[in-house]
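> Below: one structure in structure tokens.
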Amino acid sequence: MRHFLTLIWFLIAVVSAVAQNASENNKSKTLFLAYGQNEHLKMDETYSRLPKKGLVHDFNFGYEKQNDNKVFSLETRFSTGELGTDGNDINFIDHYGGNFKARWLKKTKGKSTKIASYLGILHDVRADVWFPKNNELRYAWDIYWGVGISLKTRYTIGSKITLDYTLDLPLIGVLWRSHNNGQQLSTEEIQLEKGILAASLETPRLAYLSNTTYIDNVLKVHFTTSERTRFFYRFGFTHQNIQQPLLKKGTEKTNSIGFNYQF
Amino acid sequence: MYPFRASCLFFLLIFLSCSKGFDVDTSPKADFELFFEYLKKDYAYRDYHPFTMEELRQKYVSQIERSNTKNTLATILLEIQENELKDPHVSILSDEPYDISSVPQVIGSDLEKIAPAFAEITVDITTDFYTSGVVTAQPNIGYLYIRAFNYDTGGSNSLGIEDGIKEIDTLLQSLIAKKVTAMIVDMRSGAGGSNYVPRYIAQRFIDKTVTYMVEQYPVGDSFERKEWEISPSGIGFRDGKVVLISNGLTASGGEFFVLAMLQRDQVTHIGSTSMGAAGNITEKDLSNGWNVQITNSRTEFADGTQYFKVGITPPTIVKNDLDYGFLHTGDALIQEAVRVLEATGVTNLR
């Protein structure tokens with residue numbers, strides 16, 4: 001934790017000092033792909049009042065189009081792996097999570113030529129599905145569809161390295177959660193009679209910042225390798241807090257490496 | 001520059017605030033408190049005892065404070081399970097051996113565990129889940145023994161009806177082909193099961209669409225209510241008389257089956273009082289590696305009548321004697337079922 005904070009401040013300080021010749025007013029289309037490990041730490045009262053942990057696979061790919069002062073991006077993340085309670089080897093859960101985001105960003109006014117900041121609209125669809133391995137427990141899910149704000153800041157560090165920071169904050173949307181208290185009742189009944197889609201979308205409720213919070217932070221360091229290609233290191237930090245019907249909260253820290261192709 | 005610095009600060013604040021709150025105290029006292037948190041918030045029968053869960057906690061908290069050991073915790077949890085809650089669904093699951101000899105435990109009767117010997121039955125088909133045939137002395141009376149209500153007996157893996165369970169259609173078709181005019185449905189000595197398997201089997205006997213059970217599960221401070229309905233489905237025996245046999249080991253999903261079958265028009269229930277293991281179960285984990293199994297929903301008759309811990313009592317009580325299965329195989333329950341059917345006009349037409 002302490003090392004991470006040091007790294008953040010180091011990046012802020014160094015980037016501020018060395019950022020030169022930032023040039024953002026170009027046109028580009030980029031595809032990117034990344035793979036990494038996601039450190040999950042979540043408590044879902046559906047199953048337990050103890051947090052569950054796990055290191056899960058994390059895949060990330062997307063498309064970004066930059067046109068002078070505007071950025072449009074489409075991005076998908078998918079993570080899967082096993083979560084468990086420290087010290088208790090009985091209850092394991094298979095986790096599947098993912099989201100799909102679309103961002104429409106516009107460059108903010110600023111005097112600095114070193115830094116370019118963009119602010120805009122976020123469209124966010126995400127799902128988190130848990131399958132307990134214990135037969136006594138039933139699966140549970142959260143499906144969220146909402147809109148919010150997105151902030152992106154880009155530093156160009158010399159000609160080879162750039163740093164991106166993105167903050168996504170969904171503000172209002174719809175949340176579907178399974179009726180599950182460890183064992184599903186009415187949801188399963190609907191699934192049995194009408195199918196999985198009807199069951200999934202059974203109980204929509206209005207989700208806003210105080211009852212459903214998702215905050216995604218991503219730091220990306222790009223290393224240019226050729227005119228069209230760049231490698232990057234990505235650190236993501238996600239915070240989640242869903243208040244009802246049963247509390248689900250936690251964090252995800254992702255370390256991944258990826259590849260950009262500009263065309 | 002401002003948006004970047006602001007966002008960095010925001011990120012740091014979020015990171016710092018969100019990484020807290022997940023530290024777990026693994027002491028026996030902490031697991032004691034966690035256990036009571038489960039009872040207070042997730043236990044469906046938290047309001048059905050002469051004491052509140054907090055009063056129960058107060059009774060034992062000084063004990064764990066005096067001796068903050070896993071052995072003391074094991075003793076307390078078993079004491080609560082056996083002598084306080086007495087809920088058949090509540091249990092502590094641990095692989096670790098502890099000295100819990102100080103806790104008096106309720107020992108169930110072995111008599112109820114004995115499965116039928118089928119001495120009065122000409123057995124036709126036996127599968128993992130069922131035995132079917134006809135009464136030897138009255139071949140127009142069919143007989144079906146239901147061995148379990150789920151593959152994972154007592155489990156709640158609800159949606160997947162096992163293929164073996166679905167074999168009931170074949171068995172019933174065979175009995176119908178033998179022109180049986182009445183049926184004995186025997187479910188004694190089997191354990192529980194899910195909501196769906198008992199209903200699936202009962203659909204083969206039920207003759208109308210009807211609500212047979214109400215289930216309620218805690219959502220915060222209140223309860224969400226669900227009415228369970230049953231309709232006829234599949235190859236069924238719906239017109240003739242049925243005698244249903246249950247006993248003291250009929251529990252949980254088995255009791256759901258009784259609730260559904262009692263909605264049938266022509267049914268007579270005999271045997272002995274069921275276990276009263278109302279509701280469904282879930283497992284909650286403790287930080288020390290143990291799990292606690294608690295009742296996370298409560299079930300009742302469609303009219304709201306409770307059977308939690310009191311069980312479902314048949315109008316006619318019949319039990320085998322202690323020698324059954326050892327010194328003789330004359331089954332008092334099957335004999336009584338045949339007598340009931342004969343008394344209601346079922347005769348041998350062949």
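> Might you let me know whether segment B:332-341 holds any residue that is among the basic types (Lys, Arg) and surrounded by fewer than 15 Cβ atoms within 10 Å (Cβ to Cβ)?
Among the residues of segment B:332-341, at least one is among the basic types (Lys, Arg) and surrounded by fewer than 15 Cβ atoms within 10 Å (Cβ to Cβ), which makes the answer yes.
> Given the criteria among the small types (Gly, Ala, Ser), within 24 Å of A:TYR144 (Cα to Cα) and touching a residue at least 24 places away in the same chain (Cβ under 8 Å), does A:SER200 qualify?
The answer is yes for A:SER200.
> From B:GLY289, B:GLY325, B:GLY311, B:GLY279, which residue is touching a His at 6+ places or on another chain (Cβ under 8 Å), on the phi > 0 side of the Ramachandran plot and surrounded by 16 or more Cβ atoms within 10 Å (Cβ to Cβ)?
B:GLY279
A quick yes/no check of all residues on (1) over 30 Å from B:GLU215 (Cα atoms); (2) in the same structural domain as B:THR282 (by TED's automatic domain parsing); (3) modelled with pLDDT of 95 or more; (4) not in a helix (DSSP H, G or I):
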position	(1), (2), (3), (4)
B:TYR38	no, no, no, no
B:TYR45	no, no, yes, yes
B:PHE51	no, no, yes, yes
B:LEU56	no, no, yes, no
B:LYS59	yes, no, yes, no
B:ASN71	yes, no, no, no
B:ALA74	yes, no, no, no
B:LEU78	no, no, no, no
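> All but one of (1) under 22 Å from the mean Cα position of the chain (by Cα); (2) surrounded by fewer than 18 Cβ atoms within 10 Å (Cβ to Cβ) hold for A:ARG177; which doesn't?
Checking A:ARG177 against (1) under 22 Å from the mean Cα position of the chain (by Cα); (2) surrounded by fewer than 18 Cβ atoms within 10 Å (Cβ to Cβ), the one that fails is (2).
> Between a first residue in segment A:55-76 that is more than 12 Å from A:SER28 (Cβ to Cβ) and a second residue that is part of a loop (DSSP other than H, G, I, E, B), which pairs have beta carbons less than 9 Å apart while being 6 or more apart in sequence or on different chains?
A:ASN69/A:GLU24; A:ASN69/A:ASN25
> Do we have B:SER297 as part of a loop (DSSP other than H, G, I, E, B) and either touching a His at 6+ places or on another chain (Cβ under 7 Å) or within 14 Å of chain A (Cβ to nearest Cβ) (or both) here?
no
> Considering only residues of segment A:86-116 that are hydrophobic (A, V, I, L, M, F, W, C) and within 14 Å of chain B (Cβ to nearest Cβ), which is nearest to the chain's Cα centre (by Cα)?
A:LEU105
> Please note which strands (runs of 3 or more DSSP E) are completely contained in segment A:159-263 and include at least 2 residues that are of a type in the set (S, T, N, Q).
A:161-177, A:212-224, A:229-242, A:248-262
> Those residues that are of a type outside the set (A, V, I, L, M) and either at the interface with chain B (Cβ under 10 Å from one of its Cβ atoms) or not in a strand (DSSP E or B) (or both), I need them from segment A:122-144; list them, please.
Those that are of a type outside the set (A, V, I, L, M) and either at the interface with chain B (Cβ under 10 Å from one of its Cβ atoms) or not in a strand (DSSP E or B) (or both): A:PRO132, A:LYS133, A:ASN134, A:ASN135, A:GLU136, A:ARG138, A:TYR139.
> May I ask you to say which residue of A:LEU55, A:LEU41, A:LEU119, A:LEU83 is assigned to a strand (DSSP E or B), within 13 Å of chain B (Cβ to nearest Cβ) and surrounded by fewer than 17 Cβ atoms within 10 Å (Cβ to Cβ)?
A:LEU119
> Oh, and also: Would you point out which residue out of A:GLY195, A:GLY236, A:GLY250 is exposed (fewer than 13 other Cβ atoms within 10 Å of the Cβ) and either at positive phi or in contact (Cβ under 8 Å) with a residue 12 or more places away in the chain (or both)?
A:GLY195 is the lone residue from the list that is exposed (fewer than 13 other Cβ atoms within 10 Å of the Cβ) and either at positive phi or in contact (Cβ under 8 Å) with a residue 12 or more places away in the chain (or both).
> Considering only residues that are touching a strand residue (DSSP E or B) at 6+ places or on another chain (Cβ under 7 Å) and part of a loop (DSSP other than H, G, I, E, B), which ones fall in segment B:308-330?
Scanning segment B:308-330 gives B:PHE308, B:PRO314, B:PRO315, B:VAL318.
The values are calculated or read from the model by the stated rules, or taken from the named source; none is laboratory data. For clarity, every value in this text was computed on a predicted model and none was experimentally measured. Reconstructed Cβ throughout: ideal geometry from the backbone, glycine too, with neighbour counts over all protein chains shown.
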